[in-house]
Amino acid sequence: MKHSVNNISSSSFCRICLAALFLHAGLFMLIPLLPMLLSWQLGIAQEETAPLYLYILVGLLAVGPLHAWLADAYKRKYVAVLATLGLMGSFLGMLWIESLVTLWALGSFCGAFYGMAISALITISIDIVNSGQRTAANKALAYVLCIGAFLGVAVGGVSSLLVYGSDAWLPYVAASCLMLSALLSQSVYVAFRAPIGVSVFGLDRFFLPRTWLPTLVMLFIGLIPGLYLPWVASSQILFPLLSILLLALLVHPAITIYVKLAEHCQRATSVSSCLLGVLMGILLGACLSTTYLCMECTHAMAAMALGAALICLPFAYRYYLKHKVRE
């Protein structure tokens, strides 16, 4: 007999976590290497590919207001599966492009499909566990996303450094990770829920306005790994790996703060807000670092981002104590 509500130790929740892990592993295996791969393919300097990260961000932000409507009007599982396959197709399409215009379009599609996929997975991960375990589920999923990012960066970076010709097959390894993510999402039983008539555009499942100040802090923190990501295919690979580990260390306190700022029915939105801040920082940081491709400049910008986060942190904590809605 199938159960729609489970413990976080259930096979259904584990499969959703594995789907999220492979989603991030596939994404972060390619994202740092795209400037190098595309510069070879298009015959341009790596610096000219920097706007790609902005177009990915544009796609991510453009589809955000549709998340709640998509989850309501269509089955959440199908949104996760189809969006993951769309992300895979967009990445593979970059292997055949011949112009920057096509690249910018595919970048926007990547951001949009990723946003739909991760929002659906966050929603499913909360919906399939018992109410009393949903905060623990939020934290577990966040840890898994960090592990997936770390593994993706490590595999992509180490392979590009040590394995000759890895640029030819790494995109297909990343695509295989995304295919596994889609299959794992498809294998999870999610109970049918009749549409409740959510408006097409809204911030639900995308961004919780009450979390704006903590999200600003997470954006500054996300800038640090973003700045170092373009250096994974160099002798400086240690910096992006350590910066992702920094994110992992912040998962527990960050998710705790976001959940306590959310009403009972807003936990998915609060987790999405935290992830949105981090991803905005990563994409903006990667764009800046690719534009300059100077390690001294990268170190300086990372130090400024860390300083900005530390300056904002006391204000964000006071804001949290004043506006939290649960103990």
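Things to note:
- Pairwise centroid distance, computed over Cα atoms, of segment 48-94 with segment 98-129, Å: 2
- Rounded to 0.05, the FRET efficiency of the V198 and L162 pair, given R0 = 41 Å and the Cβ-Cβ distance, is 0.25.
- Theoretical gain in end-to-end length, E296 to L100 [0.36 nm per residue, Cα-Cα removed]: 67.7 nm
- Lys, Arg +1 and Asp, Glu -1 on Cβ, resulting dipole of the chain about Cα centre, debye, nearest 20: 1320
- At a probe radius of 1.4 angstrom, the accessible area of the chain per residue rounds to 42 square angstrom.
- Heavy-atom accessible surface of the chain: percent carbon and sulfur, 1.4 Å: 71
- Debye log10 I(q)/I(0) at q = 0.08 Å⁻¹ for the chain, Cα point scatterers: -0.34
- Remark: spin-label model distance S235-Y317 equals 3.9 nm, labels positioned 7 Å along the Cα→Cβ axis.
- Of L42, L61, L162, the residue with the greatest mean-square motion in the GNM of the chain, using alpha carbon springs below 10 Å, is L162.
- Shape call, segment 1-104: gyration tensor on alpha carbons, a/c limit 1.5: prolate
- Residues whose placed amide H lies under 5 Å from that of V129, excluding near-sequence neighbours: N6
- Longest exposed-site-free window of the chain, the sites being chymotrypsin sites (Phe, Trp or Tyr not before Pro) in a DSSP loop that have at most 16 other C-beta atoms within 10 Å: 202-327
- Counted over all Cα-Cα pairs of segment 149-297, pairs farther apart than 25 Å make up 45 percent.
The values are calculated or read from the model by the stated rules, or taken from the named source; none is laboratory data. These numbers were taken from a predicted model, which means no experiment stands behind them. Positions of Cβ are generated from backbone atoms using ideal geometry, with glycine treated the same way; all protein chains shown enter the neighbour counts. Heads up: the accessible areas ignore ligands, DNA and RNA and are worked out on the full protein's heavy atoms, side chains in. Shrake-Rupley method; radii C 1.70, N 1.55, O 1.52, S 1.80 Å.
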